[in-house]
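Here, each number is a calculation from the coordinates, and none is a lab measurement. Since the model is a prediction, treat every value here as computed from it, not as a measurement. Cβ coordinates were reconstructed from backbone atoms using ideal geometry, including for glycine residues, and neighbour counts include every protein chain displayed.
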Amino acid sequence: MPKRFLQSLVFAALTVATTLGGVRVFADNDDLKIPNLGASSTSLYSEEYERRLGRLWLKVFRAQAPVLDDPLLYDYVENLVFELVLHSDLRDRQLQLVVVDNPTINAFAVPGGIIGVHNGLIHHAQTEDEFAAVLTHEVAHLSQRHFSRQRERSQNQNILTIAGLVASIALAATAGSDAGLAAMTATQAAAQDSRLKYSRANESEADRIGLRTLVASGRDPHAAADMHERMLAAHRLYSTNRLPEFLRTHPLSEKRVADMRNRARAERRVIRPKSFDFALMQARVRQQLTQTPVAAINLFTDQTLEGGTEAAAGWYGLALAYIEAGEPIKARKALDEAMRPDPDNLAFILASSEIDTALGQHQSALRRLKNRLSLSPGNHPLTMAYADALWQAGLPHVAAQLLKDQSKRKPEDPGVWYRLAEVQGLAGDIVGLHQSRAEYFILVGALNAAQTQLNYALKLVNNNFTQSAMINERLRDVMDIRDELENS
């Protein structure tokens, strides 16, 4: 891997602003090859540059992290983020979300409108407002452009040793663990210390502005302090490496939690019933994070005894666990119980169709999904479920057309291109298979693999000038992206 590419990778990865604070280290300004736009009151980077950097970072991140392909969960988090953003100071609302399959409590914001969430965060939050409080904190990092401001303060720092940082950055960005930051200490402790106060100032500002967004959205202002208090307790209970606070991935302190609590006291506490959709997504996440279907069945069987929303979510989780265990009849019975409070909930429609498919009732699954899609054309989780059902029903050519249309709505979603490649192969569209695989590989940062797939496609189109021109143009795009990664 070229050294310049590593520098770009590390520089981008280090811009992560974690939920509870993070230490950031940046490459020297000369290495960025962009102009300083003025005095300290002027942002060092344009929003356009930050957006480009964020998109490049996301490609690199997807290549390293266990990114979760769950259209329903993604849709839920994305809708919540955009609801909160409407009440925020964020001007550039061209956001991209990434959900990481990781049990740790973590979220992050990257310049250019990238917001990342570990599914473990949903697992540990007790209410949707607590989850929302973390998201508003990350939105505040973006709206206040902490990346540019931090970089402006550190522009005179020397380039740090790349070899000593690469492994630890990947760990810190994806796992949110103390181990990642511990690995950095030999090469960057001095640089960290020089920016410690400013980093904490960023976190304090994000806490304050995030609270303002939370209140404007009609949510409980005490949720942030509640969530942080629980995380502080969890850190004390489970941390096996008692690093100094400034070397932790999440530099929590009692003072910071007290500050949050004091700010919240100035606002009216909002008491709301637990969101049913949040409870269902929490069950979905817990099923994903449980090691075996049997363990999940035991977990959710206990939850069904709790009553109310928790019981319904437990029945839903139990249905998902039975589906994974290959017991669709038991899954159907559990889902029938879950559906009582809200039978038209999208989560139940998708689970019902999945059970139909598992039982070999393909027409029932297709009819159920098609009817719901007629009410919500283009809905992403519905469309993806319908494509999967068509695939399982032996209709890959119909699924391919559906996914082609969806790829125009969601061109940045790797899951769309992955499924499209699969069904195109089954439908005999081999050129399309290679092109779709190339798009998938581009989005996950595997540029050599993307180039290989495009070259395969180019050999197959023979003398078709139009197709050849399109494939050659995409090959040039791949080269441009590689150039950008290696020379940023």
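Structure summary
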read-out	value
Calculated over the stretch 355-467: convex hull of Cα atoms, volume per residue (Å³)	103 Å³
Which listed pairs, of Lys59/Lys370; Lys330/Lys370; Lys370/Lys410; Lys59/Lys404; Lys370/Lys408, have C-alpha distances above 28 Å, in listed order	Lys59/Lys370
Cα-based Rg of the stretch 407-488 normalised by 2.2 N^0.38 Å, two decimals	1.07
For Val98, residues with placed amide H under 5 Å, excluding near neighbours	Ile115, Gly116, Val117
Residue-span extension gain [Thr309 to Thr292] - 0.36 nm each, minus C-alpha spacing	3.7 nm
Sequence-distant residues sharing a close amide H with Ser217 (under 5 Å, placed H)	none
Set of aspartates and glutamates near Lys459 by C-alpha distance (under 19 Å), chain-local residues within fewer than 8 positions excluded	Asp429, Glu439, Glu473, Asp477
Peptides 126-136, 405-415, 57-67 ordered by average Cβ neighbours within 10 Å, highest first	126-136, 57-67, 405-415
Highest to lowest packing among 297-309, 361-373, 314-326, 385-397, scored as the average C-beta count within 10 Å	314-326, 385-397, 361-373, 297-309
For the stretch 441-488 versus the stretch 289-364, the gap between their alpha-carbon centres in whole angstrom	42 Å
FRET E, pair Ala216, Ala469, Förster distance 41 Å, beta-carbon r, rounded to 0.05	0.25
